1. Can you name every residue in region 17-41 that is open to solvent by 50 Å² or more (accessible area, probe 1.4 Å) and farther than 15 Å from residue 94 by Cα?
2. Do we find a residue being closer than 23 Å to residue 153 by Cα, surrounded by 12 or more Cβ atoms within 10 Å (Cβ to Cβ) and free of Cβ contacts under 8 Å to residues at least 60 places away in the same chain anywhere in region 247-260?
3. Determine, yes or no, whether residue 30 is part of a loop (DSSP other than H, G, I, E, B), in contact (Cβ under 8 Å) with a residue 12 or more places away in the chain and among the hydroxyl-bearing types (Ser, Thr, Tyr).
4. Could you check region 110-139 and list, in sequence order, the residues that are assigned to a strand (DSSP E or B), touching a residue at least 40 places away in the same chain (Cβ under 8 Å) and under 24 Å from residue 166 (Cβ atoms)?
5. Just checking, how many residues over region 195-206 are in contact with a helix residue (DSSP H, G or I) (Cβ under 8 Å, 6 or more places away or on another chain), surrounded by 16 or more Cβ atoms within 10 Å (Cβ to Cβ) and either under 17 Å from residue 46 (Cα atoms) or of a type in the set (Asp, Glu) (or both)?
6. Within region 273-284, restricting attention to residues that are without any contact (Cβ under 8 Å) to a residue 24 or more places away in the chain and under 13 Å from residue 304 (Cα atoms), which residue is least open to solvent (accessible area, probe 1.4 Å)?
7. Identify all residues within region 213-245 that are open to solvent by 20 Å² or more (accessible area, probe 1.4 Å) and of a type in the set (Val, Ile, Thr); write none if there are none.
8. All but one of (1) among the β-branched types (Val, Ile, Thr); (2) crowded, with 20+ Cβ neighbours inside 10 Å; (3) closer than 30 Å to residue 216 by Cα hold for residue 68; state the number of the condition that does not hold.
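The values are calculated or read from the model by the stated rules, or taken from the named source; none is laboratory data. The model shown is predicted, which means the values in this text are computed figures rather than measured ones. Here the Cβ is made from the backbone with ideal geometry for all residues, glycine too, and neighbour counts use every protein chain on show. Please note that ligands, DNA and RNA were not included when accessible areas were found on the heavy atoms of the full protein model with its side chains. Shrake-Rupley method; radii C 1.70, N 1.55, O 1.52, S 1.80 Å.
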Amino acid sequence: MPDVKDLEVRIPEVDMFHYKPNNPVEVPITKSEICTVSASPNIVRHIEFDVSGTLLENSILPGQTVGVLPPGEDENGRPHKLRLYSTCSPTGGEYGEGKIYATTVKREIDEDWETQKLILGVCSNYLCSKKAGEKVLMTGPGGKQFLLPENPEDFNYIFLATGTGIAPFRGMVLDLMRLGMTNEVILSFGCPYRTDLLYNDLFDELAEKHKNFHYLKSISREDPRPDGSKPYVQYSIIDQKALMLPILEKKNTLIYACGLKGMETGIFQILAMLGLYDYLDLKDEVKDVDPLKWSENQLKRKVNPSERLFLEVY
């Protein structure tokens with residue numbers, strides 16, 4: 001391994017947009033299965049697609065997205081827009097042949113509190129209702145930033161995920177473990193209830209098999225912190241400080257965070273409070289300000305991730 005002072009985070013060149021919304025490709029679903037436990041109030045499915053014989057074959061990396069075009073029109077009579085989904089497969093797809101890739105889809109079901117009208121996510125329900133053998137229109141691959149570096153074995157990794165934000169990390173963790181790397185990898189996953197843990201058996205098995213892989217679970221509505229606050233995933237940086245801090249202080253550690261946008265501010269603030277400024281690009285105006293007092297405008301314009309912190313939030 002090169003001296004950590006000489007390490008450069010080089011993101012690989014990747015294939016992009018073989019298929020666009022105006023020329024999608026039709027691919028069949030090969031598998032659709034629930035990936036939470038049966039008692040979960042949420043419905044999340046692991047859905048696999050067969051892209052063999054298309055330009056998507058062997059061209060999708062963990063951290064990239066595929067697009068799905070749902071049929072029909074919106075309330076204005078326009079065709080439904082493309083929806084993007086992170087792939088959750090390792091390099092080479094689900095079975096190593098570059099033909100089958102998967103994504104993680106949550107059925108979006110809500111209610112308008114004023115009208116009491118049921119609101120259904122257009123594409124999520126479309127996909128979750130599809131059965132093996134049925135086909136969808138797909139675009140992609142998209143995304144060229146949220147990727148493992150060219151030399152992944154030279155780094156340590158801390159992955160922070162909420163909900164279906166776990167998808168890219170499933171593929172990344174599988175890639176890293178298959179490399180046989182000895183550096184540290186932490187996956188901290190946040191969800192409301194234990195029944196919402198996604199791919200839990202897989203990550204438990206990997207943690208048992210690989211002593212350098214640490215799987216942390218932040219269950220926000222079941223396990224309050226000592227002060228009574230909810231243990232959102234960003235708090236694992238300080239709640240698991242004994243494990244996290246020595247790794248975060250290494251010059252060859254990278255942080256990846258994927259999930260709800262609300263986690264972003266907490267990550268920035270906690271890293272600054274711990275003096276871990278290598279992960280942040282701070283403007284001079286906020287360097288001497290208490291991170292907990294950063295204004296919304298300062299957070300938006302003066303606080304950014306450095307090249308060692310990768311964010312994919314929505």
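1. Quick first cut of region 17-41, residues open to solvent by 50 Å² or more (accessible area, probe 1.4 Å) only: 17-18, 20-23, 26, 30-31, 33-34, 37-39, 41.
Those that are open to solvent by 50 Å² or more (accessible area, probe 1.4 Å) and farther than 15 Å from residue 94 by Cα: 17, 18, 20, 21, 22, 23, 26, 34, 37, 38, 39, 41.
2. Yes, region 247-260 contains a residue that is closer than 23 Å to residue 153 by Cα, surrounded by 12 or more Cβ atoms within 10 Å (Cβ to Cβ) and free of Cβ contacts under 8 Å to residues at least 60 places away in the same chain.
3. Details: part of a loop (DSSP other than H, G, I, E, B): no; in contact (Cβ under 8 Å) with a residue 12 or more places away in the chain: yes; among the hydroxyl-bearing types (Ser, Thr, Tyr): yes.
Considered against the rule, which asks whether it is part of a loop (DSSP other than H, G, I, E, B), in contact (Cβ under 8 Å) with a residue 12 or more places away in the chain and among the hydroxyl-bearing types (Ser, Thr, Tyr), residue 30 comes out as no.
4. Initially, region 110-139 is screened for residues assigned to a strand (DSSP E or B), giving 110-111, 118-120, 135-139.
Right, trim to touching a residue at least 40 places away in the same chain (Cβ under 8 Å) and you get 135-139.
136, 138, 139 - these are the residues of region 110-139 that are assigned to a strand (DSSP E or B), touching a residue at least 40 places away in the same chain (Cβ under 8 Å) and under 24 Å from residue 166 (Cβ atoms).
5. Applying the first criterion (in contact with a helix residue (DSSP H, G or I) (Cβ under 8 Å, 6 or more places away or on another chain)) to region 195-206 yields 196, 198-199, 202-203, 206.
This time we only want the ones that are surrounded by 16 or more Cβ atoms within 10 Å (Cβ to Cβ), so: 196, 198-199, 203, 206.
Subset that is either under 17 Å from residue 46 (Cα atoms) or of a type in the set (Asp, Glu) (or both): 196, 198-199, 203.
Summing the residues that are in contact with a helix residue (DSSP H, G or I) (Cβ under 8 Å, 6 or more places away or on another chain), surrounded by 16 or more Cβ atoms within 10 Å (Cβ to Cβ) and either under 17 Å from residue 46 (Cα atoms) or of a type in the set (Asp, Glu) (or both) in region 195-206 gives 4.
6. Applying the filter and picking the extreme gives 282.
7. Answer for region 213-245, where residues must be open to solvent by 20 Å² or more (accessible area, probe 1.4 Å) and of a type in the set (Val, Ile, Thr): just 238.
8. (3)
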